[in-house]
Amino acid sequence: MILASRNDHKVRELGEMLPGVDLRPLPDEVPSPVEDGDTFTANALIKARSAREATGEPVVADDSGIEVEALGGRPGVRSARYAGEDATDGANLGKVLEEVEAAGAGRRARYVCVIALIDEAGEEHIFEATCEGELVPEPRGDGGFGYDPAFVPDGTGPEDDRTMAEISPQEKNAISHRGKAAAMLAAHLAES
């Protein structure tokens, strides 16, 4: 099955969550589509439909990001490009933390993940999940990517203040937005 992404983190992470599925990245010769949807679902479908059209194979695509309450839900679908089209994870995270600090409001946030599957028959399926948590002012931890170093998930318990970048990959997969959406996809594939 093709994952409509060349992001090594996503291919590895999603591959770990879908045991028994041979997940391959988008071939280099297939152009990446413009992600101009205004929702995670729209962007996941844009990527899945483009990859399906180019390869003819079953495909999965995900679109995910973080929505910060104090920022009115930003960066949302712009999470990967929040500080600019070619921004690094660090630049995106830095911009969000600066804006949250300037807003002076709460630090509640949630990760959102939508996985789109186009199966062998060409049918489209959507799996959506969230991971609620809170942003800390100073990034911590070496694991994960994106906003993980500043995101403390609720799912590890009220006394646990570790960021997503400080918990093990197994813990992360069990509680994360992508892990929950992948579990729904895995259950669907098992039933098919």
note = To the nearest 20 debye, the stretch 2-191 has a Cα-centred charge dipole, built from +1 on Lys and Arg Cβ and -1 on Asp and Glu Cβ, of 120 debye
query = GNM on the chain, C-alpha springs below 10 Å: top fluctuator among Ser50, Ser64, Ser168?
reply = Ser168
key: Candidate lysines for bridging to Lys180, where Cα separation is under 16 Å - those fewer than 8 sequence places away on the same chain excluded   = Lys10, Lys172
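Give me the orientation-averaged projected area of the Cα convex hull of the stretch 99-192, in nm², one decimal.
If you wrap the Cα atoms of the stretch 99-192 in a convex hull and average its projections, you get 7.3 nm².
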ask   = Taking the Cβ-Cβ separation of Arg24 and Ala91 as r and a Förster radius of 25 Å, what is the calculated FRET efficiency to the nearest 0.05?
value = 0.25
query = Which is farthest toward the positive dipole end of the stretch 77-192 among Gln170, Ala182, Gly106, measuring Cα position about the Cα centre, with Cβ charges +1 (Lys, Arg) and -1 (Asp, Glu)?
reply = Gly106
ask   = What's the extension gain from Ala121 to Glu53 if we count 0.36 nm per residue and subtract their Cα-Cα distance?
value = 23.2 nm
query = So what are the radius of gyration and Dmax for the Cα set of the chain, in Å?
reply = 16.4, 50
remark   = the stretch 81-134, Kirkwood Rh and Cα Rg, ratio Rg/Rh at 1.17
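Bear in mind that the values in this text are calculations on the coordinates, not laboratory data. Model, not experiment: these values are computed from the prediction. In this analysis, Cβ positions are derived from the backbone assuming ideal geometry, glycine residues included, and neighbour counts consider all displayed protein chains.
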